[in-house]
Amino acid sequence: MDVFILARRFTIITLFAAIFAISFSAVVVRTGGGGAQQSHFGANYTCLASSGGYCTTIR
């Protein structure tokens, strides 16, 4: 009987964690922007031409 109670509690905690993760990722995507400056593995890139498919490195 104790195993069923633990399984139910674990399920409820997991569902709350999943809801939090989905809502947090939605907030990050919404406020993340997608502006002109991007960072990739510590290198900063500034897109000079927004219509082009390339960016130049900031030095």
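Here are the numbers for this structure:
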quantity	calculated
Cut-off 15 Å between beta-carbons: net charge of the residues surrounding LEU15, Lys and Arg +1, Asp and Glu -1	+2
Residue-level accessible surface for VAL28, protein heavy atoms, 1.4 Å, Å²	70
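The values are calculated or read from the model by the stated rules, or taken from the named source; none is laboratory data. What you are looking at is a predicted structure, and each value in this text was computed from that prediction instead of being measured. Cβ atoms come from the backbone with ideal geometry, glycine included; neighbour counts cover every protein chain shown. What goes into the accessible areas is simple: the full protein's heavy atoms, side chains included, and nothing from ligands, DNA or RNA. Shrake-Rupley method; radii C 1.70, N 1.55, O 1.52, S 1.80 Å.
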